[in-house]
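The values are calculated or read from the model by the stated rules, or taken from the named source; none is laboratory data. The structure presented is a predicted model; accordingly, all values stated were derived computationally and were not measured. Positions of Cβ are generated from backbone atoms using ideal geometry, with glycine treated the same way; all protein chains shown enter the neighbour counts.
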């Protein structure tokens, strides 16, 4: 009986410690990745602003060859929506909407997740010239998480950073063909 009580006390202590860490952790998160593409800025931006092009470079879209995507509106403009549904738990169900566009400079997208978890995040993509026919693309993914989920930020950063970098490398390969 003492062993069982000790195990329960240790487990309770771990849970309390994790909750305390989550209570003291930031609720905001931000992950940023960058790549240089050897193409003119406007050409890069014109490709990026078309959400349908994500089918050719986004690892999340490409994880499920049977993903169902419904597009609504005029692609590449504010208000355009892309809703997806997948049986793959790493893809899930959700939608994204272009909420802000700064001509030839940046595009902001609101991402609304429904499954496997609910949440709202944002992606800001900017392009900047860095020489003749050379463009720096910066992708920033950010948002807020609620207590106690905010304790997962360190894991989220690790996994999302890798996928975000792969997306940028795929984008670079597509544009520099």
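Could you please find all residues in region 22-52 being within 23 Å of residue 157 (Cα to Cα), more than 17 Å from the chain's Cα centre (by Cα) and at pLDDT 95 or above? Selection gives 36 alone. Taken as a whole, the condition of being buried (at least 16 other Cβ atoms within 10 Å of the Cβ), in a loop (DSSP other than H, G, I, E, B) and either touching a strand residue (DSSP E or B) at 6+ places or on another chain (Cβ under 9 Å) or free of Cβ contacts under 8 Å to residues at least 60 places away in the same chain (or both) does not apply to residue 44. Just so you know, in region 142-166 the residues that are touching a helix residue (DSSP H, G or I) at 6+ places or on another chain (Cβ under 6 Å) and within 25 Å of residue 49 (Cα to Cα) include one that is modelled with the highest pLDDT, and it is 166.
Restricting attention to region 53-68, the residues that are assigned to a loop (DSSP other than H, G, I, E, B), free of Cβ contacts under 8 Å to residues at least 60 places away in the same chain and under 16 Å from the mean Cα position of the chain (by Cα) total 1. Only one of the numbered conditions (1) more than 18 Å from residue 31 (Cβ to Cβ); (2) modelled with pLDDT of 95 or more is violated by residue 91, and that is (2). Taken over region 133-147, the criterion of being farther than 15 Å from residue 110 by Cβ and exposed (fewer than 15 other Cβ atoms within 10 Å of the Cβ) is satisfied by 133, 146, 147. Determine whether region 91-99 contains at least one residue that is surrounded by fewer than 17 Cβ atoms within 10 Å (Cβ to Cβ) and under 26 Å from residue 72 (Cα atoms). Yes: region 91-99 contains one or more residues that are surrounded by fewer than 17 Cβ atoms within 10 Å (Cβ to Cβ) and under 26 Å from residue 72 (Cα atoms). Would you be able to say whether some residue in region 89-96 is assigned to a loop (DSSP other than H, G, I, E, B), touching a residue at least 40 places away in the same chain (Cβ under 8 Å), more than 15 Å from residue 47 (Cα to Cα) and in contact with a strand residue (DSSP E or B) (Cβ under 6 Å, 6 or more places away or on another chain)? No, there is no match, as no residue in region 89-96 is assigned to a loop (DSSP other than H, G, I, E, B), touching a residue at least 40 places away in the same chain (Cβ under 8 Å), more than 15 Å from residue 47 (Cα to Cα) and in contact with a strand residue (DSSP E or B) (Cβ under 6 Å, 6 or more places away or on another chain).
Among the residues of region 108-120, just one is more than 20 Å from residue 70 (Cβ to Cβ) and buried (at least 17 other Cβ atoms within 10 Å of the Cβ), namely 108.
Output yes when any residue across region 116-128 is in a strand (DSSP E or B), over 20 Å from residue 37 (Cβ atoms) and at pLDDT below 90, and no when none is. Within region 116-128 (the criterion being in a strand (DSSP E or B), over 20 Å from residue 37 (Cβ atoms) and at pLDDT below 90), the answer is yes, since at least one residue qualifies. On the given criteria, is residue 39 surrounded by 13 or more Cβ atoms within 10 Å (Cβ to Cβ), touching a residue at least 40 places away in the same chain (Cβ under 8 Å) and under 30 Å from residue 76 (Cα atoms)? Taking the combined requirement at face value, the residue satisfies it.
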